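Okay, structure first, notes after.
The values are calculated or read from the model by the stated rules, or taken from the named source; none is laboratory data. As the structure is a prediction and not an experimental result, all values here were calculated from the model. Every residue, glycine among them, receives a Cβ derived from its backbone with ideal geometry; neighbour counts consider all protein chains shown. Only protein heavy atoms, including side chains, enter the accessible area calculation; ligands, DNA and RNA are left aside. Shrake-Rupley method; radii C 1.70, N 1.55, O 1.52, S 1.80 Å.
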Amino acid sequence: MKEVYVFKTSAKTARQIHDATQLLNSLKSIQRIDFDPEDCDNILRIESTLQISREIIELLNLNGFFCEELN
């Protein structure tokens, strides 16, 4: 079953979004990546078949991005 996960991030610029997307593409269970830099929280939406919130947060944080899941 596909789930949608929503995160607050620090990715604002086109370059930051590109870099973060490249990192996230390494996680094979992700089916869709969508950034919304117009939102005040720089929202990241992920569609995945697995529960991968922790992996996403760790991957982005280890690479210089702020990332936390929104409930």
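Per-structure values
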item: Members of the range 34-64 that are farther than 21 Å from T13 by Cα, among the β-branched types (V, I, T) and touching a Leu at 6+ places or on another chain (Cβ under 9 Å); result: I52
item: The range 19-33 residues that are over 14 Å from T9 (Cβ atoms), paired with ones that are open to solvent by 70 Å² or more (accessible area, probe 1.4 Å) and part of a helix (DSSP H, G or I) (beta carbon under 7 Å, 6 or more apart); result: L27/E55
item: Count of the range 3-18 residues which are over 10 Å from the mean Cα position of the chain (by Cα), without any contact (Cβ under 8 Å) to a residue 40 or more places away in the chain and surrounded by 15 or more Cβ atoms within 10 Å (Cβ to Cβ); result: 0
item: Tally of residues being free of Cβ contacts under 8 Å to residues at least 60 places away in the same chain and either under 9 Å from the mean Cα position of the chain (by Cα) or within 15 Å of M1 (Cβ to Cβ) (or both) across the range 60-71; result: 1
